[in-house]
Structure formats: C-alpha cells, structure tokens
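Heads up: the structure comes next, in structure tokens.
The values are calculated or read from the model by the stated rules, or taken from the named source; none is laboratory data. Bear in mind that the values here come from a model prediction, so they are computed numbers and not experimental data. Cβ atoms come from the backbone with ideal geometry, glycine included; neighbour counts cover every protein chain shown. The area values use the complete protein model at the heavy-atom level, side chains included, leaving out ligands, DNA and RNA. Shrake-Rupley method; radii C 1.70, N 1.55, O 1.52, S 1.80 Å.
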Amino acid sequence: MSYKKVILNEFGGPQVLQVVEEAALPEPEAGDVRIKVLVASATFTDTMVRKGIYYGFKETPPLSPGYDMVGAVDKLGAGVTGIEIGQMVADLTVFGAYTEYMLRLADSPVPVPAGLDPAEAVSMVLSYVTAYQMLHRIAKVQRGQKILVHGAGGAVGTALLELGALLDLEMYGTASKTKHELVKSLGGTPIDYKSEDFLVKMEAIGGVDAAFDAIGGDNFKRSFESLK
Ligand SMILES: NC(=O)c1ccc[n+]([C@@H]2O[C@H](COP(=O)([O-])OP(=O)(O)OC[C@H]3O[C@@H](n4cnc5c(N)ncnc54)[C@H](OP(=O)(O)O)[C@@H]3O)[C@@H](O)[C@H]2O)c1
C-alpha cells in the first residue's frame, strides 16, 4: 500500500516542503511499532528545523519534519508486547512526523486516553511538556509566586499560563495587542512588548520569581534583571 509524506530536500522557506508518495508502507522490525499518524503539530521549532537553524539538530536533508504527533498503532514488530493495534498514542519524534505512517521503537510512544480529540491531544506533547519541564523541573515555581512569560499568546506561552494558573501564580505575559484578551482569559496580565517596557513593569511590582524567555539577546538580559 502506498502512503504520502512531506519531505524537504534542502533547508529553506515553506517552498522546500514537498509531498511525496512512497510505494510501500515501512515494515516494523523486531521491537518497532508502525503508527498511522493522525495529527502532527506545526510548531515554531518545526519552522526552525525546516530553515536549518535549530540549534544542535544534526540531521541533514532529505528528511521529513514533524516534532510530535498523535496516531494509532497500526502494526507490531516481532517481540513487541504491552501495546495494542488500534491504540491511540502520542510521541515526541523531533523529526519525521509529517507522514501518514512511521516506525517508532515500541517503548517510545505513550498511550493517549480514549475519547480525546487527537488534534487537542497533540498540543500536550511538545508545547505542554516544554512548559511543564520549565515550570516544575527547572524553575520549580511555588504556589502563589510571580512569573513573567514572553510570547504569552504563543503555543508554549499559553501552556505556561494554563499550568501556572493551576498553581495560582501571579502571571505577566508579553504579547501583541491582538492577543491580550487571550492572555487575560488564561489568568495573565498582558504587556504589549511593542509599546511597553516589561522591565519597568516588573521592577514596579518588585520583580518576579521566574522569567521564561525564548526571545533571547538583550531581551534575555532584561528578563534576568526582572527577577527578584
Ligand atoms: N526547547 C524546547 O523544548 C522547545 C519546545 C517548544 C518551543 N521551543 C521554543 O520556544 C519558542 C516559542 O515557541 P512556540 O511554539 O510557543 O512559538 P509560537 O506559538 O510561534 O509563539 C511565539 C510567540 O512569540 C511572540 N513574540 C515574538 N517576538 C516577541 C517579543 N519580542 N517579545 C515577546 N513575544 C514575542 C509572538 O507573539 P505575538 O504574536 O503576540 O507578537 C508569538 O506568540 C520558540 O523559540 C521555540 O523554538 C522550545
């Protein structure tokens, strides 16, 4: 049976993405599972992979992008137990998920609870895992603390706000004006990074306990200065 996947033969703009058809499905070897991909994210990081500017990424074209996905287990390789055909699973693939079918080591995907919309479940993989790790494993924020989130209207930013709200954090988020209602609806106080100085605002409240900054450069230094 044939299947389609997206590949790039060189790094670059959106035009390098091509849909190609493979003549036969990949066959799982011992220890593999084959997954029928239902959804894959299109994240900021996928864009960096596509452009060839994702720090530390060693793969070279031709390759398929696709950092995460949710799919259904389609075929088991020899010796695979504990996972069933038809089971919905999620995986952090880093690349390769822009495809209808892919192989993974059987211990890589995790089960997705039945009844979830795959397109909603996939947001839990890269964006929410990133937000969770930063909040709980790196910053180790405590209930009621103050945080500053840059890109608060983005994928990771909104995940940080949702997870932060569970801890009753006092949250400030930089975002474009059009995303301020979204930031507010998630419990954050929006700051328009185009017209307001977030450092002045953070100093006025006595500083924050943690700042999450994927903007970098001078912004990062100013985030550091925003800390208590
Ligand atoms: N290491 C990891 O595991 C990991 C995982 C996921 C993401 N990331 C990284 O995290 C970053 C965000 O990813 P994402 O998926 O959340 O991207 P996204 O959904 O595209 O959101 C990025 C946000 O950045 C905002 N922004 C741009 N310039 C800004 C500035 N000067 N100040 C404040 N906000 C600004 C944009 O806000 P407006 O539209 O409001 O202007 C946009 O909402 C990326 O660098 C990505 O590579 C890392």
Conditions (1) at pLDDT 95 or above; (2) away from the ligand (no atom under 11 Å from the Cβ) -> residue 151 fails only (2)
Checked pairs for segment 181-195, first in contact (Cβ under 8 Å) with a residue 60 or more places away in the chain and part of a helix (DSSP H, G or I), second open to solvent by 70 Å² or more (accessible area, probe 1.4 Å) and more than 13 Å from the ligand (Cβ to nearest atom), C-beta under 9 Å and 6 or more apart or across chains, list as none
- Do the conditions hold for residue 47, that is, is it open to solvent by less than 80 Å² (accessible area, probe 1.4 Å) and away from the ligand (no atom under 16 Å from the Cβ)? no
Expected output for segment 59-76 (first residue in the same structural domain as residue 43 (by TED's automatic domain parsing), partner open to solvent by less than 40 Å² (accessible area, probe 1.4 Å) and aromatic (Phe, Trp, Tyr), Cβ below 8 Å, 6+ apart or cross-chain) is 74/101
Within segment 218-228, residues surrounded by fewer than 13 Cβ atoms within 10 Å (Cβ to Cβ) and within 12 Å of the ligand (Cβ to nearest atom) come out as 218
Within segment 141-162, the residues that are in a helix (DSSP H, G or I) and open to solvent by 10 Å² or more (accessible area, probe 1.4 Å) are 155, 156, 158, 162
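What number of residues within segment 50-85 are assigned to a loop (DSSP other than H, G, I, E, B), closer than 25 Å to residue 23 by Cα and either open to solvent by less than 50 Å² (accessible area, probe 1.4 Å) or hydrophobic (A, V, I, L, M, F, W, C) (or both)? Walk me through how you get there before you give the answer.
Of the residues in segment 50-85, the ones assigned to a loop (DSSP other than H, G, I, E, B) are 52-62, 64-67, 77-85.
Applying the additional criterion that residues be closer than 25 Å to residue 23 by Cα yields 59-62, 64-67, 77-78, 85.
With the extra rule that they be either open to solvent by less than 50 Å² (accessible area, probe 1.4 Å) or hydrophobic (A, V, I, L, M, F, W, C) (or both), the set shrinks to 61, 64-67, 77-78, 85.
Summing the residues that are assigned to a loop (DSSP other than H, G, I, E, B), closer than 25 Å to residue 23 by Cα and either open to solvent by less than 50 Å² (accessible area, probe 1.4 Å) or hydrophobic (A, V, I, L, M, F, W, C) (or both) in segment 50-85 gives 8.
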Review point. Among the residues of segment 2-20, is any under 30 Å from residue 81 (Cβ atoms), of a type outside the set (Gly, Ala, Ser) and part of a loop (DSSP other than H, G, I, E, B)?
Key: no
Of (1) assigned to a loop (DSSP other than H, G, I, E, B); (2) surrounded by fewer than 21 Cβ atoms within 10 Å (Cβ to Cβ); (3) touching a residue at least 24 places away in the same chain (Cβ under 8 Å), residue 42 fails just (3)
Scanning segment 210-228 residue by residue, the ones that are in contact with a Phe, Trp or Tyr (Cβ under 9 Å, 6 or more places away or on another chain), over 10 Å from residue 150 (Cα atoms) and among the charged types (D, E, K, R) total 1
Pairing a residue in segment 128-149 that is at positive phi and assigned by TED's automatic domain parsing to the domain that holds residue 202 with any residue that is modelled with pLDDT of 95 or more and open to solvent by 60 Å² or more (accessible area, probe 1.4 Å), where Cβ atoms lie under 7 Å and the two sit 6 or more apart in sequence or on different chains, gives 144/168
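Each row is one residue, and each column tells you yes or no for (1) basic (Lys, Arg); (2) within 16 Å of the ligand (Cβ to nearest atom); (3) under 19 Å from the mean Cα position of the chain (by Cα).
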position	(1), (2), (3)
36	yes, no, no
54	no, yes, yes
66	no, yes, yes
70	no, no, yes
87	no, no, no
99	no, no, yes
106	no, no, no
111	no, no, yes
Scanning segment 190-217 residue by residue, those within 22 Å of the chain's Cα centre (by Cα), aliphatic (A, V, I, L, M) and either over 15 Å from residue 170 (Cβ atoms) or open to solvent by 60 Å² or more (accessible area, probe 1.4 Å) (or both) turn out to be 214, 215
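Which residue is farthest from the ligand (Cβ to nearest atom), if the candidates are limited to segment 163-181 and must be open to solvent by 50 Å² or more (accessible area, probe 1.4 Å) and over 24 Å from residue 143 (Cβ atoms)? Write out each step before concluding.
So in segment 163-181, the residues open to solvent by 50 Å² or more (accessible area, probe 1.4 Å) come out as 166, 168, 170, 177-179, 181.
When the remaining residues are screened for being over 24 Å from residue 143 (Cβ atoms), the result is 177-179, 181.
Numbers: 177: 8, 178: 7, 179: 4, 181: 12 Å.
So the residue we want is 181.
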